[in-house]
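Asker: Have a look at this one.
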Amino acid sequence: MEKDFVNEMNFDLVNKYSKPFVITFIGLPGCGKTQLARILSKKLKIFLLSNDYIRNYYYQLTQDYSEEKRLEIQDKVEKINKERLKKIIDNKVSFVFDKCFNKKKDYDKLNELLGNNYDVIKIKINSNDEDNINNIINTKMDYTKIYEGVIGDNVEYLSSFSKEDYYNIKERIPISLDDSYADYIINNRNDILVVVDEIKSNIKK
């Protein structure tokens with residue numbers, strides 16, 4: 001029996017703000033989006049919606065990593081994630097979206113879904129391939145691990161993959177947005193808490 005990913009969503013602990021907002025990321029795989037998303041969820045008491053949560057749930061149920069299987073899982077994940085995103089928007093819930101928004105058309109599509117009901121906060125994480133690959137290779141998915149204080153997708157939903165896969169993904173979702181497009185910039189790990197505090201002080205409750 002499959003998990004009910006939509007009905008398991010619970011917004012009871014999410015803070016209410018004067019206008020709901022979504023925090024988004026511009027960045028490459030392994031750059032630290034997920035770590036930052038967890039911090040933001042805990043600090044701001046907002047829902048964490050992960051693009052990887054459902055995908056890696058299905059990957060752990062199979063040993064087939066063919067392109068055909070990848071596309072099958074991708075289609076299933078996109079369908080479920082659309083339903084989850086709709087539920088969040090319908091309930092006017094503030095959230096952090098752990099997904100790469102590396103092209104303007106990604107934001108155009110998101111803004112179309114949100115209408116004028118949400119503020120969109122854009123964080124660009126600048127990183128290098130060597131560090132990203134090292135982070136990915138040393139990652140281990142563990143669905144028994146729960147991140148206390150994170151609202152929403154609070155399990156360990158990251159998975160490791162090869163250097164070759166990293167470059168394939170980078171080619172598939174390259175960053176085409178420069179720093180000027182973002183609201184906040186992170187160039188190194190020391191910037192993370194500074195940016196989190198700035199966002200917290202700028203958001204109106």
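Asker: Looking only at residues that are within 18 Å of Tyr17 (Cβ to Cβ) and assigned to a strand (DSSP E or B) in region 77-100, which one is farthest from the chain's Cα centre (by Cα)?
Answerer: The selected residue is Phe95.
Asker: Do you know which of the residues in region 112-144 that are polar (S, T, N, Q) and within 19 Å of Gly32 (Cβ to Cβ) is surrounded by the fewest Cβ atoms within 10 Å (Cβ to Cβ)?
Answerer: Going through region 112-144, the residues polar (S, T, N, Q) turn out to be 116-117, 126-128, 132, 134-135, 138-139, 144.
When the remaining residues are screened for being within 19 Å of Gly32 (Cβ to Cβ), the result is 126-128, 132, 134-135, 138-139.
Details: Asn126: 16, Ser127: 19, Asn128: 11, Asn132: 20, Asn134: 13, Asn135: 19, Asn138: 9, Thr139: 15.
By that ranking, first place goes to Asn138.
Asker: Within region 28-47, track down each residue that is in a loop (DSSP other than H, G, I, E, B), on the phi < 0 side of the Ramachandran plot and of a type outside the set (A, V, I, L, M, F, W, C). Break it down into steps so the answer makes sense when it comes.
Answerer: First, pick out the residues of region 28-47 that are in a loop (DSSP other than H, G, I, E, B): 28-32, 45-46.
Now drop any that are not on the phi < 0 side of the Ramachandran plot, which leaves 28-29, 31, 46.
Across region 28-47, the qualifying residue is only Pro29.
Asker: Going residue by residue through region 56-69, is there one that turns out to be part of a helix (DSSP H, G or I), free of Cβ contacts under 8 Å to residues at least 40 places away in the same chain and touching a Ser or Thr at 6+ places or on another chain (Cβ under 8 Å)?
Answerer: Scanning region 56-69 turns up at least one residue that is part of a helix (DSSP H, G or I), free of Cβ contacts under 8 Å to residues at least 40 places away in the same chain and touching a Ser or Thr at 6+ places or on another chain (Cβ under 8 Å).
Asker: Could you check region 13-36 and list, in sequence order, the residues that are aliphatic (A, V, I, L, M) and closer than 21 Å to Lys86 by Cβ?
Answerer: Leu13, Val14, Val22, Ile23
Asker: Looking at (1) of a type in the set (D, E, K, R); (2) exposed (fewer than 13 other Cβ atoms within 10 Å of the Cβ); (3) touching a strand residue (DSSP E or B) at 6+ places or on another chain (Cβ under 9 Å), which is the one condition that is false for Lys109?
Answerer: Unmet for Lys109, out of (1) of a type in the set (D, E, K, R); (2) exposed (fewer than 13 other Cβ atoms within 10 Å of the Cβ); (3) touching a strand residue (DSSP E or B) at 6+ places or on another chain (Cβ under 9 Å): (3).
Asker: Now for a different question. Got a sec? Which of Asp64, Asp52, Asp75 is in contact with a strand residue (DSSP E or B) (Cβ under 8 Å, 6 or more places away or on another chain) and among the acidic types (Asp, Glu)?
Answerer: Selected residue: Asp52, the only one of Asp64, Asp52, Asp75 that is in contact with a strand residue (DSSP E or B) (Cβ under 8 Å, 6 or more places away or on another chain) and among the acidic types (Asp, Glu).
Asker: Look through region 147-168, keep the residues that are assigned to a strand (DSSP E or B) and at pLDDT 90 or above, and return whichever of them is farthest from Tyr65 (Cα to Cα).
Answerer: The extreme case among them is Ile151.
The values are calculated or read from the model by the stated rules, or taken from the named source; none is laboratory data. Predicted model only: the values in this text are computed from it and were never measured. All Cβ positions, even for glycine, are placed from backbone atoms using ideal geometry, and neighbour counts span all protein chains on display.
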